[in-house]
Every structure is written in structure tokens, then in C-alpha cells.
Amino acid sequence: AEALLLSGDQEVEQKDASFLVPKRRHNQHNFVMWDAPMDVLGPFGWRQMQAMGHNVCLLGTFGPPAREAPAALLACDASIAPYSTRILDPKDENGTMQPVCWNDEPAATEHVQRIVNNQKHLREQGVFVYSLGDEGVTLGCCVHPACIAAYRRYLAAQYGTIDELNASWGEEYASFDEVDLLDHKDNMESAAQKTCYPRWYDRQAFARYNLSHFVGRFVEGYKKLDPKSITGYEGTGGFGDDYDAILGTNEFYGPYPSIGDDIVRGVAPRQMVRSNWMGYSKTGDALSDAAWRMVMRGMDSIWFWMWSGIGDWRGYQRPTLDFWPAIEDLTQEMVPVKQGLGDLLLRSETTHSGIGIFYSLPSALSGRIENSNEFMSPQNSHETWVRLTNDLGLDFRYLTSNLLKSGELNNEKFSVLLLPMTQAISPEEAAVIRAFAEDGGTVIADVRPGIYDGHCKPRPSGVVDDLFGIQRKSTAAALTADVPDSPFDKAKIDGGVAVSTGTAMREFGAAPALIVNNVGKGRAVLVNTNMDGFGAACREPQPAGVRDWAVQA
């Protein structure tokens, strides 16, 4: 920057100063490479990768904290993603998290600040995102007094009064200060998984909340260091995580490919950086499939592991600093993305078919309690409904508990709501779902919707039984029945329901298999059987019978 002091047309004095303007490469589609060549040929090798589209390097996974970006990245003006830490929760012999309990003050704050300070020299290079590591945990807690105190505060926020908690857990605590684990050697309350489901669930839910609360410390710390920072973690997470907590705290998120990507696509704000890791194949077709999967799921960056490597994971660049044939194939496939398609998609709003799929943490975890596993896992149910919907040429959006509470489920945006193995439904969620149906929507569920509350406490009857026009007799084990005129031979039926106001459209043995109930302007459909058979049939060459069943529902 240059400043001149003029008197008339005459220059009186001149001053100049240099400023560094780092390239963050925010708000654009990026290709991210894990690490970079460090030797004397490093700049040449990185220039080669830049020609293939890579301008961001995840840095710092090996050795001590970097004091500055490698010469290759400096010379090539590459942006970086510092791998600043890796969040795990190992315990000492007393059950206390190491290296520090996330709730122990001031130790936790000092721990976070030390990691943040290690990155202060790197920010000058232009930081795309600050990574909190890969393949870490998505939950954590311990028996440190500060962590137990945080758990009590969490329970107080969830239940409001100690009487509500006592009613849920079957306890007689006088205050939240009395609440403790059944056994400090059983940090996750595993014993309660068989004796008191809500007690077990609440500990699971707290551990997930606790991780996101800890991540929030890093988000805040990096904002003080670098006001335009974007902080999160990658390479971890999947079904059974608390997506409301993760997406409410992280500013970027990059799990391994899973159904979690569909949840993130529907729930995360558009400005959130999201991605997957790829690079674990040796053929061009497999690599291109992984890259296009990210593009078509709305991810704004493609992360490749890694720039070098020979063996099971071949890597990107050959020892001669040119590229493997499979990488050449991948590069050609990605030309449209690099030439503007990636940026265009970031600025586009993707429409859907008016189909919502409800994901909640208690329902995701409910498959681990009682006899739920005799039907099918919640994850398998979700994956089957997703596959069926896509097979019909339709698209969907996921909705979480927070989105239901915020009014995102409405009849202007959605016409159908799917409840895959949604065994746990809170009264507030049930009210929103019921209102959606009464106002003209169609609600479709499979076995045992709403038999637990929002803390996985069993109910005497399902909270949405009236919605589906059924009367629950029991939560007995699954029945195996023949399935006439269907795409599969056997099915597991919930024999604990009887039709009340609904109409049984099909029956498997003596149990209703497909129940339809008119509700206000809309209707509710209960597919009273596990969806495993549908999922298997979907993978067959001619799943026309499955389509017929899905269309009928």
C-alpha cells in the first residue's frame, strides 16, 4: 500500500507498507490433498498437483507442530488446513480422561489454548480450515468430578426438575447434586442398558453433547486467533451420532462416506464446509465414483489421501512426480467440476421431492435395547428407505429433532414424512408429526413407532398409536411370517399391534402388515414389518415388486 502527501500537484512525502493477504479459498469448490512433498523437488511436485486441481493441503500430521508452512506450499501459494490436534478420550486407571478432562478448569482451557497457539504462525499462509483431527471420537466423558458436575447440569437442562428425572429413571434423588453413576468403573452406564433404558440413554446422549461442547472451545479459540477461521473435524462419524450437536457446533465436517452424508446434506447450513476422504482405490472408475458421489451430495470439497504412498493405498503422485493412470482418469472426470460446476453447485439450491426422513438420536440408539434387534437395526431401516426412495427416482431431505422443533416440517415444503425404525418419539415431536398429517401430509413408518419416549423410556402404548390407527397389545418379540405376493419370502412382523381406526390393507399370517389410517386431511401408513427384505430385493436386477410395494405405501 502506498500513500502520497500532495501540495497542489507536487509530491511532499511518500510512504509505503507491505501487507500479507492470505488466500483462504473460502466460498469455492476445493480439492484438498493430505500432506505435501517436503524435499528439494517439493515445489515441482506440488505445482504438478495444482495443475490437477489441488490448491489446499492438510498439513501437520507428522512430527511436532509446524512453525510455518513447508517451502513447497509457500512457493506455490497454496492454502493449508492445519491438522492441529486429534480428539480422543483415553482414560487413566481411575477412569479420568487423558490428557485432560474436557470439563476440568482451568486445565481444559489451557490445553485448548496451547493447541490453538501452535497454529498462530500458520495462519499467515492462508488457512482454509482448522482441523481437529481424523478418526477421532464423536462422544466422550469420564468420572472426573468436573465431568460428573457437567453431567448433572446437562440432566437438569434436559429434565427441568428432579421429579421428572426420578420419574424417568425410577429413582428418588432429592436434587440433581445427588445424581451419580451406578458404578464409576462403568463410565457409560452399560449395566443400565438392561435395567433402566433412559438412564443408559442419557449417559450416551451426554457423551455426544460433551464432545461438541469441547469442540466449541476450539471454535471459540480459533476465532480469537483468526476471526475468519473455520473449525471442525474429519474422517469420523456416522449413524448414531448427534447430528444436531455436531452441525450446531462444527463449522466444517468431513466423515467417511456413509448414510451420514445424506443427513448432513439435508441438515447442515449451506455455508458449512463438508466433504469425505477418498483415495482408497487403485482404479479410475472407483476413484471417479467416490469423487462424483461427493459432488452429487452437495459437498464443497473433495479430500484425497494422500499425495504419496505405495502399497495398499497407492497415493496420488508417483515417485517420479507424475501421476498413476487411475489418477489421470480421475482428473479427466473432474474437469467439469474444476471448470466451474463445483462453484455453480455451491451457489445453487437443490430441490427435493417433498419427502422428509426423520432422524433422532434416541431412535438411532433404541435399536440397542430390549428386543429391538429382532426386527432390524435403525441404520438398516434408514438405508433401505433411502435406497427405495432413490430407486423410485425421488429425492428427500433429512429432518432432525431440532428441525422439527423449529417448524421445518410443514406442508408447504413436504408432503411425505418417513419414520424409519423411529421407536423413540417425544411428546413434542409427536405433536408436530400429528399436525403435519392432519394438515394433509402422509406419514409412513415401519415397526414400533413411538414405543419409547425421547429418553428411551418404554411407554405403555405408543405415543403415535392413534395416528396410525392401531392399538398396542405388547412389545413382544418379532414373529416370522410367510409373505404372499411380495418380492421376498419371509418377514418379521410386529405381532403386538391390532387395528383400531386404521384399515389393514395386507396381512402376514394373523398380523396386519400394511395399515392405512386417515387423519384429518392426510393419512398415516404403518408398514408393520421389518424392511430388510425390501433392502435385499432392491439389490436384485429387477426390483419391480419392491417398487409396487413402495408406491402402494
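General observations
- Subset of region 127-168 (residues that are aliphatic (A, V, I, L, M), open to solvent by less than 20 Å² (accessible area, probe 1.4 Å) and either farther than 16 Å from Leu88 by Cα or touching a residue at least 60 places away in the same chain (Cβ under 8 Å) (or both)): Val127, Val129, Leu132, Ile148, Ala150, Leu155, Leu165
- Qualifying residue in region 321-333 (condition: in contact with a Cys (Cβ under 9 Å, 6 or more places away or on another chain) and at pLDDT below 95): no
- Criterion: in a helix (DSSP H, G or I) and open to solvent by 10 Å² or more (accessible area, probe 1.4 Å) - qualifying residue of Glu383, Glu408: Glu383
- Qualifying positions in region 506-529 - touching a residue at least 40 places away in the same chain (Cβ under 8 Å), open to solvent by 70 Å² or more (accessible area, probe 1.4 Å) and closer than 22 Å to Leu388 by Cβ: Arg523
- With respect to (1) out of contact with any Lys or Arg (no Cβ under 9 Å at 6 or more places or on another chain); (2) within 22 Å of Asn380 (Cα to Cα), the lone exception for Gly248 is condition (2).
Residue-by-condition table, conditions (1) among the acidic types (Asp, Glu); (2) touching a strand residue (DSSP E or B) at 6+ places or on another chain (Cβ under 9 Å); (3) open to solvent by 60 Å² or more (accessible area, probe 1.4 Å); (4) assigned to a helix (DSSP H, G or I):
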| position | (1), (2), (3), (4) |
| --- | --- |
| Tyr280 | no, no, yes, no |
| Asp285 | yes, no, yes, yes |
| Ser288 | no, no, no, yes |
| Arg293 | no, yes, no, yes |
| Gly298 | no, yes, no, no |
| Trp307 | no, yes, no, no |
| Gly311 | no, no, no, no |
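- Asp89 vs. criteria among the charged types (D, E, K, R) and in contact with a helix residue (DSSP H, G or I) (Cβ under 9 Å, 6 or more places away or on another chain): yes
- Counted residues, region 434-461 - those being open to solvent by 10 Å² or more (accessible area, probe 1.4 Å) and closer than 21 Å to Leu155 by Cβ: 6
- Strands (runs of 3 or more DSSP E) lying entirely in region 1-104 (those with 3 or more residues that are in contact (Cβ under 8 Å) with a residue 60 or more places away in the chain and open to solvent by less than 30 Å² (accessible area, probe 1.4 Å)): 30-34, 54-59
- Under the condition of being among the basic types (Lys, Arg) and in a loop (DSSP other than H, G, I, E, B), the residues counted in region 218-264 number 1.
Residue-by-condition table, conditions (1) of a type in the set (A, V, I, L, M); (2) over 19 Å from Ala245 (Cβ atoms); (3) surrounded by fewer than 22 Cβ atoms within 10 Å (Cβ to Cβ); (4) under 18 Å from the mean Cα position of the chain (by Cα):
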| residue | (1), (2), (3), (4) |
| --- | --- |
| Gly340 | no, yes, yes, no |
| Thr350 | no, yes, yes, no |
| Leu365 | yes, no, no, yes |
| Met376 | yes, yes, no, no |
| Leu392 | yes, yes, yes, no |
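- Count of region 356-380 residues, restricted to those that are within 28 Å of Ala481 (Cβ to Cβ), outside any helix (DSSP H, G or I), touching a residue at least 60 places away in the same chain (Cβ under 8 Å) and not charged (D, E, K, R), is 6.
- One residue stands out in region 169-202 among those that are more than 28 Å from the chain's Cα centre (by Cα) and of a type in the set (Gly, Ala, Ser): the one that is surrounded by the fewest Cβ atoms within 10 Å (Cβ to Cβ), namely Ala174.
The values are calculated or read from the model by the stated rules, or taken from the named source; none is laboratory data. On a predicted model such as this, the values are computed, not experimentally measured, just so you know. All Cβ positions, glycine included, derive from the backbone under ideal geometry; neighbour counts span all protein chains shown. The protein model used for the area step is the full one, side chains on, heavy atoms only, and it has no ligands, DNA or RNA in it. Shrake-Rupley method; radii C 1.70, N 1.55, O 1.52, S 1.80 Å.
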